[in-house]
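No value in this document is a laboratory result; all are computed from the given coordinates. Treat the numbers as computed from the prediction; the structure is a model and nothing was measured. Backbone-built Cβ (ideal geometry, glycine too); neighbour counts: all protein chains shown.
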Amino acid sequence: MSDIVRRDVRIEWIRRNRLHPQHNELASAPGPTRGPTGLLRRLPHNVGFIGPNGIRRIDRGAGAQGGAGGLGARALSHSAQTAPLLLHHVEQPDFYVAVVVDIAAGRLSSHDRDVLGQAHRLVRIHADDGQGAVVAIVLGDVREAAFDTAGVDRLIHLTEVNRQPLTGYCPELKLAVLQAVDSELAPRYWLFPDSIHGGADLGARLAARLGERPAVQAWQVDAGQTLCRGGSQHTDWQRPTSRVMLLAEECALAVGETRHEARPIELAAIPQVSPQIQDRGPVEVDPGKIALSQAEFILAAGNGIQDWDQFHQVATALGATEGASRVAVDDGNMPRSRQVGATGTWVTARVYIAAGISGAIQHLQGIRQCDKVVAINLDGGCDMIKRADLSVIGDSRAILAELLALACARRGRSGPGTAPIEGSQEDRHVA
Ligand SMILES: Cc1cc2nc3c(=O)[nH]c(=O)nc-3n(C[C@H](O)[C@H](O)[C@H](O)COP(=O)(O)OP(=O)(O)OC[C@H]3O[C@@H](n4cnc5c(N)ncnc54)[C@H](O)[C@@H]3O)c2cc1C
């Protein structure tokens, strides 16, 4: 057979032609491109993906910064929508890797997905010992529907234990479930997101209960050795890989190329516990006193804000922590401690509202790990709008006035107060 490499010009044409019925199928799997000489060529323009309106979208969020979960996660999740994913099927697992997800606000966070990705890495590392399965343990109410594409082979989902609901802060009940899983499935590894949403607390408790020494802030895990971050993230230290691990964000690429069964598992029995900890519900906290790096809901102001009194009122009414662009700080409108970005604070909010911020690369670096970004801007073509999950194009003063009125109406008051509205920043009273 001839060695001459032949280009399929018809397929290349279909890939270029968005209106062709086979376009989606072939464009999502471009394969290597060969030049006229037969050499493999990398197309530097082949970044991002084509949006529904036919315009190329470049991921300016996680992907553009080259984070471990970045380009992979978003670009792949898009290709997941266009091409059917290969089903990863495990009939009789030889061993399990257990992941206890935070499922904060009822959905898998990017941190949860990174940990599930790490679980699959461990399954592959131990492939010589047989076929492993990743079992996700989900405790409490959920709104997430995409466990299959997140890499869950088996799913244990409980909303109550022995008729006691798994709501609020209830580590003793959750620990009882994990102990039941440990005795029934004997997972080879227990993985938790090392986060303030419950993973760090529960992981440490389980490790103590099992008599294991947990690896904390682990970000590079191998069969024998694990690298953990220490010294305020400035140093790395190596330690033997532990059975219980609390993993840092971006410890691995999120699963994106396969679909998994997410087959439910029922636990035979869960030990009875009488909880000593009583959750007395949320308490109000002053969002202004929350460090930017820990805030979950941030309203940030840029050069497009003129009415600073109004901005502070809206932040108070929403219960949001205030952030700012460097221009807003340099102009003396906000303190330096509130600057978000490369030379300010890197934030990890679940919701980040950027009002009158253009989206300079230095600012976008600081919000790379935010889950949902809302942009308020006059300029529909600015980079913040391209990064945002939701955009409001218009004058910030008018939009913030409307937001203030809505927030006040929802709280049933005539003016702004200090209490957070439902779903915003909160702390808990624990007796
Ligand atoms: C070494 C270095 C480090 C840096 N570090 C940081 C950093 O950590 N953080 C940071 O933020 N910046 C940083 N910068 C600065 C950064 O490059 C930008 O200059 C800055 O982020 C721009 O701030 P801005 O978006 O608020 O202002 P502008 O760029 O002036 O943008 C204002 C935006 O507001 C919009 N707007 C105007 N009027 C209205 C209105 N009435 N309603 C709605 N929208 C309106 C405009 O359309 C525009 O998009 C750094 C720069 C350098 C060189």
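Quick check on the range 86-277: take the gyration tensor over C-alpha atoms, sort the square-rooted eigenvalues as a ≥ b ≥ c, and tell me if it's rounded (a/c under 1.5), prolate or oblate. Since a/c stays below 1.5, the shape of the range 86-277 is classed as rounded.
Remark: the range 86-277 carries a charge dipole of roughly 320 debye about the Cα centre, counting +1 on each Lys and Arg Cβ and -1 on each Asp and Glu Cβ. Considering only Cα atoms, the convex hull volume of the range 173-257 works out to 118 Å³ per residue.
Enclosing the Cα atoms of the range 85-174 in their convex hull gives a volume equal to 113 cubic angstrom per residue.
Give the residue list of trypsin sites (Lys or Arg not before Pro) in the range 152-212 that are DSSP loop and have at most 11 other beta-carbon atoms within 10 angstrom.
Values: sites: R154, R163, K174, R188, R205, R209; in loops: R163, R188.
Loop-located and lightly packed - R163.
Distances between placed amide hydrogens fall under 5 Å for S391 paired with A375, all partners being 5 or more residues away or on another chain.
Of interest is the spacing of the C-alpha centroids, which for the range 187-244 and the range 325-356 amounts to 31 Å. What the phi angles of the range 119-134 give under the Karplus curve with 6.51, -1.76 and 1.60, with θ = phi - 60°, is a coupling list of 4, 5, 4, 5, 4, 5, 4, 9, 4, 5, 8, x, 8, x, 10, 9 Hz, glycine and proline written as x. The peptide list 7-14, 118-125, put in order of mean Cβ contacts within 10 Å with the highest first, becomes 118-125, 7-14.
So for the range 281-346, what are the equivalent ellipsoid semi-axes in whole Å, largest first, each being the square root of 5 times an eigenvalue of the Cα gyration tensor?
Numbers: eigenvalues 82, 44, 12 Å².
Over the Cα atoms of the range 281-346, the semi-axes work out to 20, 15, 8 Å.
Can you bin the range 315-383 into rounded, prolate or oblate? Criterion: square roots of the alpha carbon gyration tensor eigenvalues sorted a ≥ b ≥ c, rounded for a/c under 1.5, prolate for a/b above b/c, oblate for the rest. Verdict is rounded for the range 315-383.
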